[in-house]
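Data first, discussion second: the structure below is written as structure tokens.
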Amino acid sequence: MVAPHVGIDAIATHVPKLFVDMPTDFAASRFLDMGCSSREQLASKITNGIGIRKMSMTDAHEDPVTMAAMAVRALIEKTGIDPQDIGFLAVGTESGVDQSKSAAAYVLGILENYFDRPMRNCMAPQYQFACAGAMYGLESALNLFRSGEFSKKYAVVVATDIARYELKSPGESTQGAGAVALLISGNPRLLAFESRTLGSCTRDERDFFRPNWRKTAVVDGKYSTQVYLDVVQAAYEQSIARLREKPENEGKTLSELVPHIVCHVPFPKMAEYMASRFLPDILRSDASMPCDLPVPPKNPTTEQIREHEKSVRAHPTFQRAFQRTMADSLHFAGEVGNIYSGSLFLALASFLEQANPADIEGKRVLLCSYGSGATALVNSAIVQSGYAEAHAKFSLEEHLRSETKGGRRRQITMNEYEYLHGLQDVAPESTATQTKFMTRKSLVAPHDEFALVGFGEQDNNHGLRLYKYIR
Ligand code: CAA
């Protein structure tokens, strides 16, 4: 397989220190609201039915900008690159902090101060299409290299988000927060993207959106899962059709074409729902293995499709194929929760860290993004040999360890969680003529990190976000 050389050179993830423990504190507090008869019943639904064990939470001094800056700082420090070699710093987010100013400009300013290196020739856009924003940023970065226009060594794309739903709503257990930074280069050590394999699908949908005045999303949960499945499938089919057009793929079965798949993971079970669309065709294409999966009904209703896909997921042949093609990508999602635009790349980091290098080196992986409202981009990349060594210093296992096991993450109570959930930039007592900013008291004082320390209060900077590195 010939790998054209532009792709992902390094991946650094930043997850806030605070988390809510789902099967204990969350389930004990919410089981009646969620229609369950006991804590144990809700705990089982959240951990087994949805796939979440811990939900990461931002402290009062953290926001999408500080998380993005922390992820990019780790990327720069661990790779040892010069910030002045970065010519494109894109932020993908759906938790934008400003209606006008790019979050990437804030991140750039923080990094310039921290590293004491001006980055004035760097482009710094913000990309938004729900959870697919960073994938759009990644495609732009790849194309900058391919076009020959780019004069710098590196591009950085950072996905950063805080996933928030209403308290006591069905989506509440699928919240989370975090940022994932990707270093893009013309000599990538992790993944090299193939050319002319991008598939896309966009539909004007109402599945999930957040009007300007709301802090939490308006979501039709069950419908959103159906839109996800249909839109990702359409983009996947286009990407497969483009792979088939390549002379080097002639005569290959679908199972040879698609050995590994990494999807956007709003919650781990969603990836299994998606797999029940992808895997049956892949398995049936492999004549060397008899496929005994249930056969789909003729002219099915939506309900019959759902039941059929559920019976597929329960089948041992499906479960074996799922372990082989997708399961490694889901390990960290259950430890972090949904991080919207970063979830696909958290899944990619998980795939690279959990898979056996002998099983994936030199193999194709399809990256399937999804953004509500709704869009999907699917693209194909080849895992580079030696990737595991290059990625080892970015290991997430240690970053995600909790204090009780000697790590950095702290479990918070439901009262503390509800306090943080209720924080806003603007205080409720503000009036049409006078904006007051909310007092934000951190649960854990910031240490060796970037912090939101306030808002400009003068006429010429009113509402500007003020960030500082706290030693
Ligand atoms: N033990 C084990 N499993 C249990 C259980 C128990 N006690 N009780 C229920 N379950 C299982 C159910 O059987 C179900 O599994 P199957 O689908 O295999 O049958 C699973 O747990 C989930 O149960 P429900 O469907 O009843 O869950 P729900 O209605 O409470 O909510 C949800 C699920 C709709 C996804 C909700 O969490 C939600 O609204 N989430 C936010 C929206 C979202 O993430 N949508 C995803 C697509 S949109 C997207 O991807 C963009 C994005 O990032 C948001």
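No lab work stands behind these numbers, since they all come straight from the coordinates. Being a predicted model, the structure only gives us computed values, none of them experimental. All Cβ positions, glycine included, derive from the backbone under ideal geometry; neighbour counts span all protein chains shown.
Observations on the structure shown:
- First in the range 197-225 and over 30 Å from HIS421 (Cβ atoms), second anywhere and away from the ligand (no atom under 11 Å from the Cβ) and in a loop (DSSP other than H, G, I, E, B), Cβ under 9 Å, 6 or more apart: THR197/LYS246
- Positions within the range 131-166 being of a type in the set (A, V, I, L, M) and either touching a Lys or Arg at 6+ places or on another chain (Cβ under 9 Å) or over 23 Å from VAL218 (Cα atoms) (or both), in sequence order: LEU138, ALA141, LEU142, LEU144, ALA155, VAL156, VAL157, VAL158
- Looking at the range 138-196, the strands (runs of 3 or more DSSP E) lying wholly inside it that each contain 2 or more residues that are hydroxyl-bearing (Ser, Thr, Tyr) and touching a strand residue (DSSP E or B) at 6+ places or on another chain (Cβ under 9 Å) sit at 154-163.
- Of all residues making up the range 29-50, the number that are among the charged types (D, E, K, R) and within 6 Å of the ligand (Cβ to nearest atom): 1
- Yes/no for GLU335 being free of Cβ contacts under 8 Å to residues at least 40 places away in the same chain and within 30 Å of PHE31 (Cα to Cα): no
- Boolean, VAL158 is β-branched (Val, Ile, Thr), within 16 Å of the ligand (Cβ to nearest atom) and under 30 Å from ILE46 (Cα atoms): no
- Residues that are more than 30 Å from GLN175 (Cβ to Cβ) and not in a helix (DSSP H, G or I) within the range 217-247 comprise GLU245, LYS246, listed in sequence order.
- Residue in the range 205-227 that is on the phi < 0 side of the Ramachandran plot and more than 16 Å from the ligand (Cβ to nearest atom) present: yes
- Between THR317, THR375, THR325, THR301, the distinction of being within 20 Å of the chain's Cα centre (by Cα), within 30 Å of LYS45 (Cβ to Cβ) and more than 16 Å from the ligand (Cβ to nearest atom) belongs to THR325 only.
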